[in-house]
1. Consider residue 32 carefully, then state whether it is within 18 Å of residue 55 (Cβ to Cβ) and more than 9 Å from the chain's Cα centre (by Cα).
2. For the range 35-58, give me each residue that is farther than 16 Å from residue 22 by Cβ and within 9 Å of the chain's Cα centre (by Cα).
3. How about the range 6-15: which of its residues are farther than 15 Å from residue 43 by Cα and touching a strand residue (DSSP E or B) at 6+ places or on another chain (Cβ under 8 Å)?
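Please treat every number below as a calculation from the coordinates, not as lab data. The model shown is predicted, which means the values in this text are computed figures rather than measured ones. Virtual Cβ from ideal backbone geometry, glycine too; neighbours counted across all protein chains shown.
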């Protein structure tokens with residue numbers, strides 16, 4: 001789901017991605033536990049080279 005949100009635009013800021021994911025999952029607010037879990041998922045996608053993070057934000061990896 002996180003990857004699909006990033007695929008929807010040229011660049012997505014990490015904070016916007018976390019908020020959008022929380023809304024999609026039905027959470028009205030982004031608490032510490034939810035933020036930590038989603039951040040871990042984003043970091044895993046970056047480590048797996050599915051996403052690339054730059055100063056401008058997150059974008060799909062070119063070879064994905």
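1. no
2. 43, 45, 51 - these are the residues of the range 35-58 that are farther than 16 Å from residue 22 by Cβ and within 9 Å of the chain's Cα centre (by Cα).
3. 7, 10, 11
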